[in-house]
1. Of (1) at pLDDT 85 or above; (2) more than 19 Å from the chain's Cα centre (by Cα), Thr60 satisfies all except one. Which?
2. Anything in the range 17-47 that is closer than 17 Å to Asp2 by Cβ and in contact (Cβ under 8 Å) with a residue 60 or more places away in the chain? List them, or say none.
3. Which is crowded, with 16+ Cβ neighbours inside 10 Å and either under 30 Å from Lys41 (Cα atoms) or modelled with pLDDT of 90 or more (or both), of Lys150, Lys160, Lys139?
4. Which residue pairs have Cβ atoms under 9 Å apart, sit 6 or more places apart or on different chains, and have a first residue in the range 136-158 that is in the same structural domain as Leu106 (by TED's automatic domain parsing) and a second that is surrounded by 16 or more Cβ atoms within 10 Å (Cβ to Cβ) and assigned to a strand (DSSP E or B)?
5. Would you say Trp55 is touching a strand residue (DSSP E or B) at 6+ places or on another chain (Cβ under 7 Å), in contact (Cβ under 8 Å) with a residue 12 or more places away in the chain and either within 24 Å of Lys71 (Cβ to Cβ) or aromatic (Phe, Trp, Tyr) (or both)?
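The values are calculated or read from the model by the stated rules, or taken from the named source; none is laboratory data. This structure is a prediction, so every number in the text was calculated from the model and none was measured. For neighbour counting, all protein chains shown are included, and Cβ atoms are generated from backbone atoms with ideal geometry for every residue, glycine included.
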Amino acid sequence: MDIEIIWKKFHQPLKGFVSKRVSDQYIAEDIVQDVFLKIAKSHHTLKEDEKISSWIYNITRNTIIDYYRRKKTMGELPVDLVAENKENETLTKELSKCIRPFIKQLPDKYKEAILLTEINGMSQKDLSSHLGMSFSGAKSRVQRGRLKLKELLVACCHIKTDQYGNILDYYEADNDCKSSACESQSSVFKSDKSANI
């Protein structure tokens, strides 16, 4: 879809959407402008036009949340965005279940580093103490583990993101690589994505 068509179709609805969640109308307009800059940079990566509405509103919600984070006033975050933020946290937990079978395939030293930092939330500094190694060594191990995990994921799944890391779409690769955990979670993820307007 052409960016001018997107502007004509979504500018006023997005302005109303943002204005209900940000009281200062000048800031609301700035947020809408930021959203359209993000759309202009990434809209060509979206394959299917029917997904564009949910993608645009997802970017808009994230941009509003970023605004409140920058202000450090998450307590002021509108109720619907607080709920959405919690939904995203829940989704992240669900997706971590999907990733676990891939983590199990990593060599032990990388598996431990990824489980402790990415799944259990341990800092890399604490990981270095836990493993009895230097901070740079622990950091390097986590980075290598992430790369190996990414290689496993890419071999099985095509994950499409925009330049900000937001997941736009994903689908299984056309090969025999299957993970029953991912298959069961992907249906949850897809239904959540379609309901995110």
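1. With (1) at pLDDT 85 or above; (2) more than 19 Å from the chain's Cα centre (by Cα) applied to Thr60, the lone miss is (2).
2. Lys38, Lys41, Ser42, Thr45, Leu46, Lys47
3. Working: Lys150 fails: crowded, with 16+ Cβ neighbours inside 10 Å; Lys160 fails: crowded, with 16+ Cβ neighbours inside 10 Å.
Going through Lys150, Lys160, Lys139 in turn, the sole match is Lys139.
4. That search, which allows pairs on different chains as well, returns Cys157/Tyr170; His158/Asp169; His158/Tyr170.
5. Details: touching a strand residue (DSSP E or B) at 6+ places or on another chain (Cβ under 7 Å): yes; in contact (Cβ under 8 Å) with a residue 12 or more places away in the chain: yes; either within 24 Å of Lys71 (Cβ to Cβ) or aromatic (Phe, Trp, Tyr) (or both): yes.
Yes.
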